[in-house]
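Working notes for the structure below.
The values are calculated or read from the model by the stated rules, or taken from the named source; none is laboratory data. Fair warning: this is a prediction, and the values are worked out from it, not measured in the lab. In this analysis, Cβ positions are derived from the backbone assuming ideal geometry, glycine residues included, and neighbour counts consider all displayed protein chains. These area figures cover heavy atoms from the full protein model, side chains too; ligands, DNA and RNA do not enter into them. Shrake-Rupley method; radii C 1.70, N 1.55, O 1.52, S 1.80 Å.
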Amino acid sequence: NRQVEVRRDCPYLDTVNRQVLDFDFEKFCSVSLSNLNVYACLVCGKYYQGRGKKSHAYTHSLEAGHHVYINLRTEKVYCLPDGYEINDPSLDDIRHVLYPRFSREQLEQLDKNKQWSRALDGSDYLPGMVGLNNIQKTDFVNVTIQSLMRVTPLRNFFLIPENYQHCRSQLVHRFGELTRKIWHARNFKGQVSPHEFLQAVMKASKKRFRIGVQCEPVEFMSWLLNTLHADLRTSKKSSSIIHKCFQGELEVVKETQSKAISEKKESDGEQNGALKITDGQIENNNVAAETYRMPFLMLGLDLPEPPLFKDVMEKNIIPQVPLFNILKKFDGEMVTTTVRPPARMRYRVTKLPQYLILHMRRFTKNNFFREKNPTLGEFFF
């Protein structure tokens, strides 16, 4: 509650070095490793805690002769060791890089913008198409983020922090900050480092996805969408922007031998809370068929097996399959056989989402090695 003098003119503003400022990393003091009341030195770019006479920022200002600091939470700029606040419009660009801001009017112009931006380091970038740094085998995160940035409703939702200010999840807020940095047109660098987002991912996933360990992008996307949905919804029955964009519905017809069905019901105690059965019937040929509807966020496509033989040039034949042929799995007529438990499955899409996510598993693991299916999928738009 102490009174702080506010000045507009400061003799040390010319020492501010925007070339060394990087707000993509976690906001921890470089000395005490604390995340409370952290300031960034605008001369060297390092983070220090506090601005009192016994604080690390105060000591750094005396030892290094660096006098201009910004509070990473309140965005206020101070001059140390004098202790007065600096109120100068020339520092607004630093505040915008620290926490990018978007108005609802700007959202309407994002997709119309074709003008490239130039960063302070001289690199040119197009907002929304900015590159992400690969931090020790985190490319599976980068490709997922770049894909989600193309979903307009999802992007617009996270560009306005007021849409999720009620949420306490750090993962949600870090994803929103990363979205705003990717679409910001006044960055100091031509790329963005998702370091803070990765730290939130490691904590939320209990180190299932972590820096330095390669993972499958489809597994990460599935986990990310489900976690964001669970954190954003206000009640168990409420929806979220995730389901509004990606949730569809499948009608599944499962045909099994009636004896196997009865044995399964006896062993399971006839409990099936995850699936809502809408129709079930026993056919005359001792085959039981049950129909139920199942929501989905992404559809898994089955690639045909590649041929075992080589062509006349002794080269492996890499087949090409049209996407429409692969999608026949969901036409309600094509039969898919499962081994455990033995059943004949038919799938039909009854509700398409606004944005459809398809994934094809190319890698299969066995006891000896990891095998890749090289079949090419032909996409027609």
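Here are the numbers:
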| quantity | calculated |
| --- | --- |
| G131 long-range amide H proximity, modeled H, under 5 Å | V192 |
| Charge dipole (debye, nearest 20) of the range 6-97; +1 at Cβ of Lys and Arg, -1 at Cβ of Asp and Glu | 340 |
| Cα→Cβ-extended label distance, 7 Å offset, between T15 and K206, nm | 4.9 |
| Percentage of interatomic Cα-Cα distances in the range 6-97 larger than 21 Å | 20 |
| Counting all C-alpha pairs of the chain, share separated by more than 38 Å (%) | 38 |
| Top positive-direction residue, dipole computed over the chain with Cβ charges, set W116, A343, H359 | A343 |
| Sorted peptide list for 62-72, 178-188, 324-334, criterion being average Cβ within 10 angstrom, highest first | 178-188, 62-72, 324-334 |
| Residue-span extension gain [D93 to L376] - 0.36 nm each, minus C-alpha spacing | 97.2 nm |
| Where labels lie 7 Å past Cα in the beta-carbon direction, separation of R7 and E305 in nm | 7.9 |
| Full-extension gain in nm, H359 to M345, via 0.36 nm per residue minus C-alpha separation | 3.1 nm |
| Dipole moment magnitude, nearest 20 debye, the chain about Cα centre, only Lys, Arg, Asp, Glu C-beta charged | 620 |
| Computed P(r) (all Cα pairs; the range 100-243; 5 Å bins; percent) | 2, 9, 19, 22, 20, 15, 9, 3, 0, 0 |
| Dipole of the range 100-243, positive direction: furthest Cα of L178, L232, Q136, with charges on the beta-carbon | L232 |
| Stokes-Einstein D in µm²/s, Kirkwood radius over Cα pairs - the range 151-199 at 25 °C with 0.890 mPa s viscosity | 214 |
| Test item: Cα-centred dipole of the range 100-243, Lys/Arg +1 and Asp/Glu -1 on Cβ, debye | 380 |
| Label-point separation in nm, F369 to L352, each point 7 Å along Cα→Cβ | 4.1 |
| Nonlocal amide H pairs with L80, under 5 Å, H built at 1.01 Å | V68, Y69 |
| Where the range 100-243 is the region considered: accessible area per residue in Å², 1.4 Å probe | 51 |
